[in-house]
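Read the structure below first, then the notes.
Read-outs: derived from the displayed coordinates by stated rules, not from any lab. A quick note: this is a predicted structure, and the numbers were derived from the prediction, not measured. All Cβ positions, even for glycine, are placed from backbone atoms using ideal geometry, and neighbour counts span all protein chains on display.
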Amino acid sequence: MRALVTLLIVASLRSAHQEVIDDILDSLSKGVHFFEQQSRNMNLDGVVGYVILQAQLQEATKSQTHSDSLNLSQRSIAVSLVKKLDKSMALAVTSLQEMDPKYYKEFEPVLSASFWSLPREWISTDPSLAYTSPRSVECYDEQLGDKCMTLLLGTWKDDGTPCIVTKACRDTMTRFGCPHYSLSHQLLYFMIGTMKGCTGMLKGEVRLSRVNITVEHYQRIFCSNMMKSNQEMGIKGFSEQTQDIFMENILLCGLAGFSDFYKAAWLQHILAWQDKELGCFGKREDYSHMFEEYLDAPHKRVKRREKTLKGDDKSLRYFLYNLQF
């Protein structure tokens, strides 16, 4: 079955009440308004999140099969959000190109909604694949990770060959036991390779214990561990930092097709974390401080790894979660 990852379809499949759909659309509207106000000030991570949201909403509004799952008012809101995103996205992408042309060019392919393919079928995580003794510290190097992703995208040089996988990239992206952001970036690497059409990502693997592991199996391993991490965070309680990785896990594994990341209880937690006035996430004082900085220095150079607005990444992980719930 083709699983259309849209608000109306999945909400219908899960027998969600119209009031819940209204709450989700209201929250998405606030988030899109935040993007309208700050589209020129966001880093690449933040903009990519809105690109994914754009892809999801486009699918929702063009779907006819389940069009009766949204009432007329709800569908009108969804269409309006698409139009707002289209306009703000153009401004955001132009700003990224102006701030750092080289970095923009390296990741330009992921800034198009057409790059992000949506799941065609749902799968579930496997608790037996969870690491028994995960590492206590991150094992991901961002500089190497970025290089590995540009090798997949073919943007490592002008007219570069795509789908290149070096030994260093393979070893890093298939390392077991990594926690938190290392884990989610390993998953993202395989997702980008899959969406780019890189069918030979594991070619050249010489470890006998890994020869039968496929890209899909690596994704299941990573998401099974991300599920375990989310469950543990839910039990221990959330800090601002764990809220971030909690939503990132849901966004990425949901986009990879793991339906068990969409839980009603998790949705209620996330709804409570949004600033109801600004539409973003994090502490209000963080945003007001950043707004002042950009008024004083509108042409500030900001790379993807430098947080432009605290919470913008978290907002987007949350938005995708809402759409697929």
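Hey, fewest Cβ within 10 Å first, where do PHE281, PHE115, PHE190, PHE222 land in order? Write out the running numbers ahead of the final one.
Values: PHE281 27, PHE115 17, PHE190 21, PHE222 31.
Fewest-to-most Cβ neighbours within 10 Å comes out as PHE115, PHE190, PHE281, PHE222.
What ranking do SER259, SER124 get, fewest neighbouring Cβ atoms within 10 angstrom at the top?
With the fewest neighbours first, SER259, SER124 line up as SER124, SER259.
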Based on other C-beta atoms within 10 Å, arrange CYS198, CYS223, CYS139 from fewest to most. CYS139, CYS198, CYS223
Cβ neighbours within 10 Å, averaged per peptide: list 173-185, 98-110 in order, most packed at the top. 173-185, 98-110
May I ask you to give the average projected area over all directions of the convex hull of the Cα atoms of segment 16-148, in nm² rounded to one decimal? 11.3 nm²
Lysine pair count for segment 145-278 [Cα-Cα under 25 Å; pairs on different chains or 8 or more apart]: 13
Would you kindly calculate the translational diffusion coefficient of segment 193-244, applying Stokes-Einstein with the Kirkwood radius from alpha carbon pairs, for 37 °C and a viscosity of 0.692 mPa s, and quote it in µm² s⁻¹ without decimals? 243 µm²/s
Using each residue's phi in segment 218-225, evaluate 6.51 cos²θ - 1.76 cosθ + 1.60 at θ = phi - 60° and report the 3J(HN,Hα) Karplus result to the nearest Hz, with x for Gly and Pro. 4, 5, 5, 4, 5, 6, 5, 6
Checked segment 136-269 against the a/c 1.5 cut and the a/b vs b/c comparison, axes a ≥ b ≥ c from its Cα gyration tensor; verdict prolate
Classify segment 82-152: rounded, prolate or oblate, from the alpha-carbon gyration tensor (a ≥ b ≥ c, eigenvalue square roots; a/c under 1.5 rounded; otherwise prolate if a/b is larger than b/c)? oblate
